[in-house]
Amino acid sequence: MNSPDLISLTGKRALVTGAGRGIGKGCALELARAGAELILNDRPGSDELDATAEEIRSFGRECWTVEADVFSVEGAHGLVDRAISEAGGIDILVSNPAYGRRGGFLDFPPEEFDRVIDGTFKSGFHLSQAVARHLVERGEGGKILFISSVQAEMPFERSAPYGAAKAALNHLTQTIAVELFPHRINVNAIEPGWIDTPNERVTFSDEVLEAAGKELPWGRLGLPGDIGRTAAFLCSDAADYITGTILPVDGGFRLKDMRAEKLAEETNPE
């Protein structure tokens with residue numbers, strides 16, 4: 001098998017959550033470019049899901065859309081059941097649900113804490129459990145990929161619940177990878193760094209994002225396609241020997257202050 005064959009996803013059916021925009025959309029588009037058929041999920045009432053589906057169909061790929069709120073076990077399992085019913089099965093899961101709320105630890109509302117954990121951690125557990133049961137029953141292996149975050153490793157102020165939820169997701173990734181060894185189901189996670197998404201454009205001004213990008217080693221913020229191309233690789237035969245891995249895709253974001261000139265600024269202030 002040559003290299004182009006290894007990175008092909010032709011004949012595979014991939015379920016991607018949060019696929020209406022941002023990183024989820026970036027993953028869906030890149031998997032489709034690699035040949036996969038897509039089952040796209042977004043929250044009920046999403047006005048962006050159909051546009052993503054039409055873009056994927058323009059590649060000549062089959063595409064189904066399923067609206068569902070995966071922040072509950074019923075919603076997550078219901079989504080997987082409908083995806084299997086409509087597409088005839090699932091070979092790949094890209095689990096991308098998340099909910100973030102910035103706030104100080106001392107004053108963080110308990111109801112918002114619960115929503116962050118439900119949306120960012122528990123949803124991934126319920127989705128992957130339902131898909132894994134399907135893959136095990138089918139007996140042909142498969143791929144499960146979580147979208148985590150560098151915040152799982154970096155303690156950002158005012159983001160305690162979100163960072164903790166992503167850290168838990170990383171641990172979940174490696175634990176279920178071990179449990180699914182006998183079934184040859186690859187389980188991995190991507191840790192995006194600072195990615196230029198619609199949500200970031202709501203939170204920060206264009207000027208702030210442009211300045212932040214220039215401070216990164218690659219001279220720009222990440223793009224959804226950067227994450228999507230990594231997802232396509234990890235979901236392909238080229239990554240068959242990779243499982244239980246947490247892969248940062250951040251353009252050096254975690255290490256940006258380790259450069260000599262940055263260290264000199266700290267140790268030799270003017």
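The values are calculated or read from the model by the stated rules, or taken from the named source; none is laboratory data. No experiment lies behind these values; they were computed from the predicted model shown. Here Cβ is always computed from backbone atoms with ideal geometry, including for glycine, and neighbour counts include all displayed protein chains.
Considered as a group, the residues in segment 118-156 that are in contact with a Gly (Cβ under 7 Å, 6 or more places away or on another chain) and of a type in the set (Phe, Trp, Tyr) include one that is nearest to Val249 (Cα to Cα), and that residue is Phe146.
Return yes when Pro155 is without any contact (Cβ under 8 Å) to a residue 12 or more places away in the chain and assigned to a loop (DSSP other than H, G, I, E, B) and no when it is not. In short, yes. Do you know which of the residues in segment 193-212 that are in contact (Cβ under 8 Å) with a residue 24 or more places away in the chain and surrounded by 15 or more Cβ atoms within 10 Å (Cβ to Cβ) is nearest to Leu234 (Cα to Cα)? Going through the qualifying residues, I end up with Gly193.
Being under 27 Å from Arg138 (Cα atoms) and of a type in the set (D, E, K, R): is that true of Glu111 here? Here the answer is no, as Glu111 does not meet what is asked.
Taken together, the criteria exclude Ala98 from residues that are assigned to a helix (DSSP H, G or I) and either farther than 21 Å from Phe125 by Cα or among the hydrophobic types (A, V, I, L, M, F, W, C) (or both). Here the condition is being in contact (Cβ under 8 Å) with a residue 24 or more places away in the chain and surrounded by fewer than 17 Cβ atoms within 10 Å (Cβ to Cβ); of Ile246, Ile190, Ile242, Ile185, it holds for Ile242 alone.
In segment 1-91, counting only helices (runs of 4 or more DSSP H) that sit wholly within it, the ones holding 2 or more residues that are on the phi < 0 side of the Ramachandran plot, surrounded by 15 or more Cβ atoms within 10 Å (Cβ to Cβ) and touching a Pro at 6+ places or on another chain (Cβ under 7 Å) span 22-33.
Can Ala167 be described as modelled with pLDDT of 95 or more, farther than 26 Å from His134 by Cβ, assigned to a helix (DSSP H, G or I) and out of contact with any Ser or Thr (no Cβ under 6 Å at 6 or more places or on another chain)? Criteria met by Ala167.
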